[in-house]
1. Which of the residues spanning region 171-195 are in contact with a strand residue (DSSP E or B) (Cβ under 9 Å, 6 or more places away or on another chain) and either without any contact (Cβ under 8 Å) to a residue 12 or more places away in the chain or within 19 Å of Pro76 (Cβ to Cβ) (or both)?
2. Name, by its number, the condition in (1) closer than 21 Å to Phe51 by Cα; (2) in contact with a Gly (Cβ under 7 Å, 6 or more places away or on another chain) that does not hold for Ala172.
3. If I filter region 81-104 for residues that are at pLDDT below 95 and under 18 Å from the mean Cα position of the chain (by Cα), do I get at least one hit?
4. Does Val37 qualify as being over 22 Å from Tyr164 (Cα atoms), assigned to a helix (DSSP H, G or I) and among the β-branched types (Val, Ile, Thr)?
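The values are calculated or read from the model by the stated rules, or taken from the named source; none is laboratory data. If you're wondering where the values come from, they're calculated on a predicted model, not measured in any experiment. Cβ sites come from the backbone with ideal geometry, for glycine too, and all protein chains shown count toward neighbours.
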Amino acid sequence: MTKILVITDSLGLPRPTPEIVKYNETWVNKLSELYRVHQLSIGGGTISNLFSQIEYLKMFEPDFVIIQSGIVDCAPRALTKFESEFFNKFKVTKKILNLYLTKDRTEKLRKKRNKTYTSFEDFEKYLNLFAKEFGDKLYFVGILPGNENYEKKVPGVVGNINKYNALIQVTAIHNFISVDDFCQDDIMTDYIHLTKKGHQKLFERIVKTIPII
């Protein structure tokens, strides 16, 4: 049976909020009903977090690899990943952070600092590392498109999505699975995750794209 390795952040997982998607409704599970699937999905995981498991992932010896990653990496942040982890490590600093980072301050800092968990250069590096490991077996799913409401909530996010998506497409060449046409019904009200309809749509697109024998 064809073996497919799936590597994602939370977009490959079921979730209870803001809308419900059960496991059997995820695109990964739908794929596992047709093929042998090994899944690594880390909620909130960056591309470097995913790549850190590469030695284990290779042992699956997949026929195809599908990666869906990027929004965690490219979304503008008030704090860098290091700063966030440091302040949340200790009770005192976590309390201070929670008191200081009000919604208004978070939005202002996001706009002013435009920090990301993964720089554009590092994102490119890890894309190339994945490509080096898996070659033509590797398929990249694009980052879901942003909209006007998401931009209002997180200033700069649409530009970053477009920038990082362009990099994914260049790296993937012909093995790029575009989701640029996914609409409001396909994406949850958090502007990040797939609805049941979105999972079904991505599943159908993957099956049509990958030349499985």
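1. Answer for region 171-195, where residues must be in contact with a strand residue (DSSP E or B) (Cβ under 9 Å, 6 or more places away or on another chain) and either without any contact (Cβ under 8 Å) to a residue 12 or more places away in the chain or within 19 Å of Pro76 (Cβ to Cβ) (or both): Ile187, His193.
2. (2)
3. yes
4. Values: over 22 Å from Tyr164 (Cα atoms): yes; assigned to a helix (DSSP H, G or I): no; among the β-branched types (Val, Ile, Thr): yes.
Considered against the rule, which asks whether it is over 22 Å from Tyr164 (Cα atoms), assigned to a helix (DSSP H, G or I) and among the β-branched types (Val, Ile, Thr), Val37 comes out as no.
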